[in-house]
Amino acid sequence: MAIDSLMAEWSANMNSVLFRFYGWKRPTVSLGRFQKEDGINVPDWIDVVRRPSGGRALLHHREITYCLAVPKKINFGKLSVLEFHRLVHSLIRDALVEAGLHAELSSERRGNTALCFDAPSRYEIVINGVKVVGSAQFRTAESIVEHGSIVLKQDIDLLKTIFGEDVPPLKGILDLYDVDVKALEERILAQFEKVFGTSRKIQLDSSMLKEARERSPLYEVRRR
């Protein structure tokens, strides 16, 4: 989360679009920036972090997590919150469809629990009506950052432990399709490159990592 936060600054300073994939070593719950822990029962063995973005709680584990940072100086930086959200999810949807998945953007709806994935919001990605991709956005004076989860597998038992027995029968992509995850990441990156231009790899240097470590305590709620 610290790196996602810093990507807003790095993107503005470089005047470049930045994009990254990452994963999770162990199950972790993330809370929205202003979300309270009411209605959530996280076991002691699970880490808890707070996102720089809003929204409701997520259980991160078997997923592709992504983060896109765009400087406001470029054309896409002038999009509204909902327009930018639609753009990001349209590109990911196109990659999923290209991989043979029957993915589509949702109509406007929202769940009423602490769990982000209990129902899709407008323009989030669903397969057979089940939300498989969700994201949240935050903005600074100079950048827009959208990050989110492409769920590969859901752990319903763990979700029920955390969010209660009313958790709907959620699915991840690999619960529904046999997909090459690495190839799917490459398809998503290719879709983003169609809009934002050819990517170049930027290695996180020691100063960036130091900055991230210093900022990490702002987002760590509990670590085991």
Subset of region 60-81, residues of a type in the set (Phe, Trp, Tyr) and open to solvent by less than 50 Å² (accessible area, probe 1.4 Å), comes to Tyr66
Between a residue in region 23-37 that is in a loop (DSSP other than H, G, I, E, B) and any residue that is open to solvent by 30 Å² or more (accessible area, probe 1.4 Å), which pairs come within a Cβ distance under 7 Å, given they are 6 or more apart or on different chains? Trp24/His61; Pro27/His61; Gly32/Gly55; Arg33/Arg50
Within region 165-176, can one find any residue that is touching an Asp or Glu at 6+ places or on another chain (Cβ under 8 Å) and of a type in the set (Val, Ile, Thr)? yes
Take region 60-81 and flag every residue that is of a type in the set (Val, Ile, Thr) and in a helix (DSSP H, G or I). Val81
Restricting attention to region 169-198, the residues that are at pLDDT below 85 and either under 16 Å from Arg93 (Cβ atoms) or open to solvent by less than 60 Å² (accessible area, probe 1.4 Å) (or both) number exactly 0
Could you grab me the full set of residues in region 39-93 that are more than 20 Å from Leu105 (Cβ to Cβ) and acidic (Asp, Glu)? Asp44, Asp47
Given the residues Phe117, Phe84, which is the only one that is at pLDDT below 90, assigned to a helix (DSSP H, G or I) and either crowded, with 18+ Cβ neighbours inside 10 Å or in contact with a Ser or Thr (Cβ under 7 Å, 6 or more places away or on another chain) (or both)? Phe117
Is it true that some residue in region 213-223 is open to solvent by 40 Å² or more (accessible area, probe 1.4 Å) and under 26 Å from Phe76 (Cβ atoms)? yes
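Mind telling me which of the residues Leu159, Leu170, Leu184 ends up being in a helix (DSSP H, G or I), under 19 Å from Glu104 (Cα atoms), in contact with a helix residue (DSSP H, G or I) (Cβ under 9 Å, 6 or more places away or on another chain) and not β-branched (Val, Ile, Thr)?
Going through Leu159, Leu170, Leu184 in turn, just one is in a helix (DSSP H, G or I), under 19 Å from Glu104 (Cα atoms), in contact with a helix residue (DSSP H, G or I) (Cβ under 9 Å, 6 or more places away or on another chain) and not β-branched (Val, Ile, Thr): Leu184.
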Return a yes/no flag: does region 204-215 have any residue that is over 29 Å from Val81 (Cα atoms), without any contact (Cβ under 8 Å) to a residue 60 or more places away in the chain and assigned to a loop (DSSP other than H, G, I, E, B). yes
Find all pairs meeting these conditions: Cβ atoms under 6 angstrom apart; at least six residues apart or on different chains; first residue within region 43-67 and under 21 Å from Val181 (Cα atoms); second residue among the charged types (D, E, K, R) and assigned to a loop (DSSP other than H, G, I, E, B). Arg62/Lys153
Looking only at region 134-160, count every residue that is among the charged types (D, E, K, R) and within 26 Å of Val70 (Cβ to Cβ) and tell me the total. 3
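The values are calculated or read from the model by the stated rules, or taken from the named source; none is laboratory data. None of the values given here were measured: they were computed from a predicted structure. Cβ atoms come from the backbone with ideal geometry, glycine included; neighbour counts cover every protein chain shown. For the accessible areas, the whole protein counts, side chains as well, though only heavy atoms, and no ligand, DNA or RNA atoms are used. Shrake-Rupley method; radii C 1.70, N 1.55, O 1.52, S 1.80 Å.
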